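Below is one structure, written out as structure tokens; comments come after it.
The values are calculated or read from the model by the stated rules, or taken from the named source; none is laboratory data. Note that this is a predicted model, so its numbers are computed, not measured. Cβ: placed from backbone, ideal geometry, glycine included. Neighbour counts: every protein chain shown.
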Amino acid sequence: MTENSQTLERWIVVGPEISRVILEFEKSFQAANYREKSHKHHEQYPSVKNKFAKEMGALLSAFDDLQNPCLEDRVICLVSIPK
């Protein structure tokens, strides 16, 4: 690199910018890791637990409303309509 003056001049001009970009990347990566470690898992928040309980209640209610079709005495016919 020092043998060719053009290459040395380019490195003198570009070197500080490359260094700045690398430092900026490292700082953003460290900040992202810090944020990940400081937050709870999404399932640990009360709002998620409440929403899950509400949706499970709705699902169980739908199962109760529909009942078990295998236990019914009547026969249900399904008609397929061709396109």
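Numbers at a glance
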{"read-out": "Only listed residue being in a helix (DSSP H, G or I), surrounded by fewer than 10 Cβ atoms within 10 Å (Cβ to Cβ) and at pLDDT 75 or above, chosen from Glu26, Glu9, Glu17", "value": "Glu17"}
{"read-out": "Subset of the range 5-31 (residues that are acidic (Asp, Glu) and within 37 Å of the chain's Cα centre (by Cα))", "value": "Glu17, Glu24, Glu26"}
